[in-house]
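The values are calculated or read from the model by the stated rules, or taken from the named source; none is laboratory data. This is a predicted model, so every value here is computed, not measured. Cβ placement follows ideal geometry from the backbone for every residue including glycine, while neighbour counts extend to all protein chains displayed. The area values use the complete protein model at the heavy-atom level, side chains included, leaving out ligands, DNA and RNA. Shrake-Rupley method; radii C 1.70, N 1.55, O 1.52, S 1.80 Å.
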Amino acid sequence: MNPLFEPSFSADEYAGRVAKTRTRMKERGLDMLLVAEPSNINYLTGYDCWTMVQPQALLVPYSGDVVFFAREVDLPGVTLTTHLRSEQVFGYPEDYVEKADRHPFDWIAGVMRERGLMSGTLAIERDSNFYTIRSHEALMAGLPNVNAVDSQRLVNWVRAVKSDSEIDKMRIAGRIVERVMGKTFDMIEPGVRQCDVAAQIYANSIMGLENAGGTYPSAPPLMPTGPGTAVPHLTWSDAPFKSGESTSLEFAGCYHRYNVPLARAIFLGAPPPRLLEMADIVNDGMDVALAAIRPGARCEDVEAAWRVLITRYGLSKATRIGYSIGVGYPVTSWLEKTMSLRPGDTTVLEPNMTFHVLLGMWMDGWGYALSESVVVTERGAECLSNVPRGLRVKR
């Protein structure tokens with residue numbers, strides 16, 4: 001193993017994750033599982049290369065070795081970043097890359113036939129952004145005897161409860177975003193271009209900490225300003241920040257692909273009373289939402305605590321107030337796409353589940369956002385970052 005590219009966790013930890021995945025496969029009567037989501041491939045093997053632009057997949061049979069399929073030129077990256085043996089890794093030739101008359105999954109289906117992995121029930125991550133219609137058509141044409149079903153995000157649910165080692169990674173990511181948020185507050189001034197601040201957010205995120213360098217987060221910095229604060233997912237422009245306007249900041253620290261996002265707000269000048277009032281309400285709402293997070297509570301209980309509070313002020317919020325987070329890549333983002341803090345989600349909270357609690361209020365022409373990334377502990381919610389809440393004001 002090259003010490004410059006060692007996997008983030010031990011071989012035993014990855015084996016345990018595969019074992020938990022197989023337990024869920026057994027419960028559903030699945031013979032094989034095809035994993036296409038880069039974050040899930042990373043979770044099960046440690047694989048961490050920028051190769052998801054071409055088809056790749058991890059095949060998890062109910063028994064026997066897992067098998068990884070990737071572009072042939074990328075195979076060295078598999079052996080450098082995972083504990084997989086060379087006989088578990090198969091690379092499709094360059095002849096299959098971006099060709100109109102053939103597809104990598106034609107070749108993958110052929111290898112599966114040769115290895116006898118072509119019968120029974122195969123669960124596929126059909127909802128992955130990285131498993132296209134053409135991928136599915138090619139695979140099914142090559143495996144006519146397979147009963148293909150949707151995986152229903154099986155691996156995502158296995159990921160929901162983190163190991164202590166994963167929580168350690170997230171605590172480091174939390175410290176990174178804590179540092180970056182402080183530096184970002186310092187940079188924002190009237191006349192400073194938004195793009196220059198965004199560039200420094202990236203630089204500081206990747207520099208990380210003195211003893212723990214960061215990596216690219218799973219989403220760009222979100223920093224709507226002025227009237228844009230009424231919209232949750234704007235990024236930045238090359239326009240300067242202006243006095244008399246607020247800016248919502250939301251970005252993540254990322255360490256070994258584990259993302260910890262954080263949202264805060266800043267106002268340049270004297271903030272209007274309505275914004276100060278909203279900030280106080282949302283800050284109180286964060287207190288009650290975090291107090292509701294504990295083992296045995298349900299996701300919907302957390303949202304209900306928040307909703308009771310804002311209803312007193314004649315406010316309502318239709319969107320969820322949080323979701324499960326962990327390993328992530330761009331496009332997949334830091335969401336695990338499983339639990340959400342919203343009405344009707346009866347998932348019971350367990351220790352070492354991790355959430356981004358995002359209390360964004362997007363009004364007509366203005367807004368305010370505040371978030372905390374937390375881990376569920378036996379004592380309740382532990383915030384993974386320590387940044388003062390409340391509207392930051394620079395006069």
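Hydrodynamic estimate: the Kirkwood radius of the stretch 267-395 over Cα pairs, inserted into Stokes-Einstein at 10 °C and 1.306 mPa s, corresponds to D of 103 µm²/s.
Determine the shape class of the stretch 148-293: with a ≥ b ≥ c the square roots of the Cα gyration tensor eigenvalues, call it rounded for a/c under 1.5, and otherwise prolate if a/b is greater than b/c, oblate otherwise. Taking the square roots of the gyration eigenvalues as a ≥ b ≥ c, the stretch 148-293 is prolate.
Residue separation times 0.36 nm, minus the C-alpha to C-alpha distance between residue 287 and residue 171: what's the value? Mind dumping the intermediate values first?
Numbers: separation 116, 0.36 × 116 = 41.76 nm, distance 2.05 nm.
Gain on stretching residue 287 to residue 171: 39.7 nm.
The ellipsoid equivalent to the alpha-carbon distribution of the chain has semi-axes of 40, 23, 19 angstrom, derived from the gyration tensor eigenvalues as √(5λ) and listed largest first.
Largest first, the three principal axis extents of the alpha carbons in the stretch 232-273 are 40, 26, 15 Å in whole numbers. With all pairs of different C-alpha atoms in the average, the Kirkwood value for the hydrodynamic radius of the stretch 328-377 is 13.0 Å.
Our estimate of slack between residue 140 and residue 111, defined as 0.36 nm per intervening residue step minus the Cα-Cα distance, is 9.1 nm.
Figure note: 72, 210 ranked by solvent-accessible area, largest first, 1.4 Å probe, ligands and nucleic acids not counted: 210, 72. To the nearest 10, the accessible area of residue 134 is 100 Å² with a 1.4 Å probe.
Using a Förster radius of 22 Å, what is the FRET efficiency between residue 394 and residue 308 based on their Cβ-Cβ separation? Nearest 0.05, please.
Taking R0 as 22 Å, the efficiency between residue 394 and residue 308 is 0.10.
Highest-first packing order for the peptide set 27-33, 335-341 is 335-341, 27-33, based on the mean count of other beta carbon atoms within 10 Å.
Output needed for the stretch 100-199: three equivalent-ellipsoid semi-axes, defined as square roots of 5 times the C-alpha gyration tensor eigenvalues, in descending order, whole Å.
Values: eigenvalues 400, 87, 24 Å².
Equivalent ellipsoid of the stretch 100-199: 45, 21, 11 Å, largest first.
Of the accessible area of the stretch 51-116, computed with a 1.4 Å probe over protein heavy atoms only, carbon and sulfur atoms account for 48 percent. Pairs of lysine residues in the chain that meet both criteria, 8 or more places apart or on different chains and Cα atoms under 27 Å apart, total 12.
For 87, 189, 37, 245, give me the order by solvent-accessible area with a 1.4 Å probe, most accessible first, ignoring ligands, DNA and RNA. Don't jump to the answer; show the numbers that get you there.
Working: 87 105, 189 75, 37 10, 245 45 Å².
Ranked from most to least accessible, the order is 87, 189, 245, 37.
Expressed as a whole percentage, what fraction of the accessible surface of the stretch 343-384 belongs to carbon and sulfur atoms when a 1.4 Å probe is rolled over the protein heavy atoms?
Working: 720 of 1470 Å².
Taking all protein chains in place, the stretch 343-384 shows 49 percent carbon and sulfur surface.
Accessible surface for the chain, divided over its residues, is 42 Å² per residue with a 1.4 Å probe. Model label points for residue 234 and residue 87, set 7 angstrom from Cα along the Cα-to-Cβ axis, are 5.8 nm apart. Shown for the stretch 121-224: the carbon plus sulfur share of the solvent-accessible area, taken with all protein chains present and a 1.4 angstrom probe, equals 50%. Calculated on the Cα set of the stretch 11-167, radius of gyration then Dmax: 14.7, 47 Å.
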